[in-house]
Amino acid sequence: MEISRITHLISGLITALLIMLFTSSTPGRVSVDSPGDSAAMASVNSEPVNPAAGMVSVNAGFISRLHEKGAGFLSPRWDNSDKILQVISAIYNSPADGLDPDDYNIADIEKMAERIASAGDPSYDDIFRMERLLDEAFIRLSTHLGMGKASPDIADPEWKALRRNTGQDWEIIIENTLNADDPLKALQRLTPRHHEYQNLKKALQEYRRIESAGGWGSFTTSLKKIEMGMRHPDVASLRKRLAGAQGPIEFDPADEELFDQTLHDQVVVFQQRNGLEADGVVGKSTVEALNIPVSDRISAIEANLERWRWVNDDLGDRYVMVNTADYTLRVFESGELAFTSKAIVGTNKRQTPVFSSVMKYMVVNPDWTVPPQILRQDVIPDVIRDSAYLQKKNMKIFTHDGSVVDPSSIDWQQVSPNRFPYMIKQEPGKANPLGEIKFMFPNQYDVYIHDTPSRWQFSKSIRPFSSGCIRINNVRDFARFLLKDDTDWNMGRLDEEIDNGRTRTIVLKEPVPVHILYFTAWADNDGTAYFGKDIYNRDRQLIRTLKKDYR
């Protein structure tokens with residue numbers, strides 16, 4: 001139904017309600033005198049709210065309490081057409097946030113508005129049902145904007161990052177929003193305040209524009225790869241496909257089949273925006289990405305908008321954020337990007353978890369206590385295969401009370417990796433996998449940020465190489481940044497501590513919040529979208545949950 005049509009119907013609805021208001025037995029409210037009317041109200045109040053599995057549920061008891069506070073029919077929150085139209089406008093515009101108007105009773109509201117507006121003598125039951133439809137739509141839309149449509153506990157159980165407000169305080173927020181004089185602004189205040197959310201909304205708008213224009217075509221080639229300098233009919237098709245998302249690409253009309261420098265640069269841009277090795281060569285992975293339909297990209301953007309609705313608005317005045325799917329560590333101060341580093345994250349089998357903590361200290365020249373999983377799966381099997389392994393790796397065995405154990409006293413052929421009674425530590429040094437510095441923040445996963453001697457890994461665009469921890473490529477710069485306001489630590493002193501080889505703990509004067517997150521789509525300030533590979537296969541379940549019928 002067009003907005004102009006619903007405007008006409010709402011005007012008729014308000015007129016009908018005002019007539020009933022001034023002819024009812026009690027000024028300011030509609031009276032319910034007959035048993036039939038009471039039964040009708042009871043039946044409406046008893047209607048269950050049954051969201052699809054995995055959705056954030058709307059509390060039916062809460063809705064009933066709101067009706068009681070509103071004195072039944074004709075509560076002040078719906079006694080003027082402007083407020084109703086604002087809510088309906090917000091429902092119509094919910095796709096801008098990646099949401100679905102059908103989840104917010106829009107069809108039923110339209111039908112009921114038309115029924116009431118066209119009735120000579122609208123029934124109390126219809127009026128009450130209209131109010132309930134509006135209440136449910138507004139509460140559900142408020143909840144989805146403020147907390148998310150899908151429950152991360154169901155859609156992504158591994159998501160343990162700092163969440164937005166929940167519980168009783170959230171009900172108070174919803175109640176205040178519902179009774180606001182300007183419901184549209186109240187709804188806008190519930191959306192995430194992070195600029196990343198607004199940037200993704202811009203990207204969503206652009207990709208929907210591309211979709212409405214017909215999307216982009218597919219691209220096929222019989223060649224194993226296409227690269228700069230080649231001439232082939234598929235080059236022209238490649239250029240046309242890239243232009244569908246990136247805009248027109250200049251070329252020499254007399255040599256359309258030449259893979260020139262301009263096309264090479266645009267292939268690199270495409271690869272950078274789609275989580276690929278940015279080498280300018282069109283191989284199997286790039287062809288696969290070229291054939292991802294725009295509808296799938298829209299679904300990915302919607303899923304990541306949802307993830308931002310899970311994230312607390314207050315991440316800290318100064319905080320560290322790692323996006324695992326982007327292989328990047330960033331530090332923000334007062335909302336502005338202040339530091340960035342390439343990151344290496346966990347493999348699919350040893351995933352970097354999603355969580356929030358607070359960094360309290362760093363360790364210079366750290367030793368490495370081998371984590372239980374790595375001990376079981378890697379180190380002990382290597383020792384069993386090679387009796388000199390511990391010596392080669394500069395490792396020692398300790399009891400849990402700190403006593404050193406002679407490796408030769410252990411019958412390694414009888415050792416079970418799952419029941420090894422000791423700890424193994426690697427001494428500081430060039431071979432130590434933690435490198436020069438580790439940055440510590442308490443968590444249940446034994447995950448931290450650290451250096452690595454495997455510098456070659458940072459030359460790759462796609463970097464899921466670790467056992468769960470986050471490795472960064474510029475630890476000294478990161479340490480200096482964290483210590484920049486601490487007068488006890490100047491640049492020279494930190495370098496001296498690292499170079500002397502001794503282990504030392506440096507406590508941060510101001511602890512720094514750390515948020516390890518997982519976003520497979522993001523956008524810059526002008527709305528240009530970037531997509532990371534879903535290395536942990538988490539998008540599918542979330543997208544499936546979001547597409548379920550909420551009603």
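Inside region 452-551, counting only strands (runs of 3 or more DSSP E) that do not spill past its ends, which hold 1 or more residues that are open to solvent by less than 10 Å² (accessible area, probe 1.4 Å), under 30 Å from ASN199 (Cβ atoms) and among the hydrophobic types (A, V, I, L, M, F, W, C)? Write out each step before concluding.
Numbers: elements: 464-466, 470-472, 504-517, 521-523, 529-531.
Once the strands (runs of 3 or more DSSP E) in region 452-551 are filtered for at least 1 residues that are open to solvent by less than 10 Å² (accessible area, probe 1.4 Å), under 30 Å from ASN199 (Cβ atoms) and among the hydrophobic types (A, V, I, L, M, F, W, C), what remains is 470-472, 504-517, 521-523, 529-531.
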Could you tell me how many of the residues in region 242-274 are part of a loop (DSSP other than H, G, I, E, B) and under 22 Å from VAL294 (Cα atoms)?
4
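Suppose we filter SER118, SER94 for residues that are of a type in the set (Gly, Ala, Ser) and touching a Pro at 6+ places or on another chain (Cβ under 9 Å); which single one remains?
Working: SER118 fails: touching a Pro at 6+ places or on another chain (Cβ under 9 Å).
Testing whether each residue is of a type in the set (Gly, Ala, Ser) and touching a Pro at 6+ places or on another chain (Cβ under 9 Å) leaves just SER94.
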Kindly list, by first and then second residue, each pair from a residue in region 284-301 that is farther than 19 Å from VAL268 by Cα to a residue that is open to solvent by 10 Å² or more (accessible area, probe 1.4 Å) and not in a helix (DSSP H, G or I), limited to pairs with Cβ atoms under 7 Å and residues at least 6 apart or on different chains.
PRO293/GLY215; VAL294/GLY215; VAL294/TRP216; ILE301/GLY98
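Can you tell me which residue among VAL320, VAL267 is touching a residue at least 12 places away in the same chain (Cβ under 8 Å), crowded, with 21+ Cβ neighbours inside 10 Å and within 30 Å of LYS149 (Cβ to Cβ)?
On the way: VAL267 fails: within 30 Å of LYS149 (Cβ to Cβ).
On inspection, the qualifying residue turns out to be VAL320.
Out of everything in region 348-362 that is in contact with a Leu (Cβ under 8 Å, 6 or more places away or on another chain) and aliphatic (A, V, I, L, M), what residue ends up being surrounded by the most Cβ atoms within 10 Å (Cβ to Cβ)?
So in region 348-362, the residues in contact with a Leu (Cβ under 8 Å, 6 or more places away or on another chain) come out as 354, 356, 359-362.
Now drop any that are not aliphatic (A, V, I, L, M), which leaves 354, 359, 362.
On the way: VAL354: 22, MET359: 20, MET362: 24.
Here the residue is MET362.
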Of the residues that make up region 231-241, is at least one open to solvent by 50 Å² or more (accessible area, probe 1.4 Å), part of a loop (DSSP other than H, G, I, E, B) and out of contact with any Ser or Thr (no Cβ under 6 Å at 6 or more places or on another chain)?
no
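Can you find, within region 79-98, the residue that is nearest to LEU184 (Cα to Cα) among those that are open to solvent by 10 Å² or more (accessible area, probe 1.4 Å) and either in contact with an Asp or Glu (Cβ under 6 Å, 6 or more places away or on another chain) or modelled with pLDDT of 90 or more (or both)? Explain how you work it out, then say what you get.
Residues of region 79-98 that are open to solvent by 10 Å² or more (accessible area, probe 1.4 Å), as a first pass: 79-83, 85-86, 89-90, 92-93, 95-98.
When the remaining residues are screened for being either in contact with an Asp or Glu (Cβ under 6 Å, 6 or more places away or on another chain) or modelled with pLDDT of 90 or more (or both), the result is 90, 92-93, 95-98.
Numbers: ALA90: 7, TYR92: 12, ASN93: 11, PRO95: 15, ALA96: 14, ASP97: 14, GLY98: 17 Å.
Ranking the qualifying residues of region 79-98, first place goes to ALA90.
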Do we find that ALA203 is in contact (Cβ under 8 Å) with a residue 12 or more places away in the chain and either within 28 Å of TRP522 (Cα to Cα) or part of a strand (DSSP E or B) (or both) in this structure?
yes
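Do you know which residues across region 408-417 are free of Cβ contacts under 8 Å to residues at least 24 places away in the same chain and not polar (S, T, N, Q)? Can you show your working first?
First, the residues of region 408-417 that are free of Cβ contacts under 8 Å to residues at least 24 places away in the same chain: 408-411, 414, 416.
Those that are free of Cβ contacts under 8 Å to residues at least 24 places away in the same chain and not polar (S, T, N, Q): ILE410, ASP411.
Okay, residues lined up against (1) touching a Leu at 6+ places or on another chain (Cβ under 9 Å); (2) farther than 25 Å from SER212 by Cα:
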{"site": "LEU263", "(1), (2)": "yes, yes"}
{"site": "VAL269", "(1), (2)": "yes, no"}
{"site": "ASN274", "(1), (2)": "yes, no"}
{"site": "GLU277", "(1), (2)": "no, yes"}
{"site": "ASP296", "(1), (2)": "no, no"}
{"site": "LEU305", "(1), (2)": "yes, no"}
{"site": "VAL311", "(1), (2)": "yes, yes"}
{"site": "LEU337", "(1), (2)": "no, yes"}
Name the one entry in ILE380, ILE384 that is open to solvent by less than 20 Å² (accessible area, probe 1.4 Å), in contact (Cβ under 8 Å) with a residue 12 or more places away in the chain, more than 30 Å from GLY275 (Cα to Cα) and not small (Gly, Ala, Ser).
ILE380
Residue under evaluation ALA107, criteria (1) open to solvent by 10 Å² or more (accessible area, probe 1.4 Å); (2) part of a helix (DSSP H, G or I); (3) modelled with pLDDT under 85, criterion not met:
(3)
Among the residues of region 183-194, write down those that are under 30 Å from GLN444 (Cβ atoms) and either open to solvent by 40 Å² or more (accessible area, probe 1.4 Å) or part of a helix (DSSP H, G or I) (or both).
ARG193
Confirm whether GLY215 is closer than 29 Å to ALA303 by Cβ and exposed (fewer than 15 other Cβ atoms within 10 Å of the Cβ).
no
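Mind listing whichever residues of region 396-410 are open to solvent by less than 90 Å² (accessible area, probe 1.4 Å) and closer than 12 Å to VAL383 by Cα?
ILE397, PRO407, ILE410, listed by residue number.
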If I ask for residues that are part of a strand (DSSP E or B), more than 13 Å from ILE470 (Cα to Cα) and either open to solvent by 40 Å² or more (accessible area, probe 1.4 Å) or touching a His at 6+ places or on another chain (Cβ under 8 Å) (or both), which ones from region 326-346 would you list?
GLU333, GLU336, LEU337, ALA338, THR340
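The values are calculated or read from the model by the stated rules, or taken from the named source; none is laboratory data. If you're wondering where the values come from, they're calculated on a predicted model, not measured in any experiment. Cβ sites come from the backbone with ideal geometry, for glycine too, and all protein chains shown count toward neighbours. Protein only, heavy atoms only, side chains kept; ligands, DNA and RNA dropped before computing areas. Shrake-Rupley method; radii C 1.70, N 1.55, O 1.52, S 1.80 Å.
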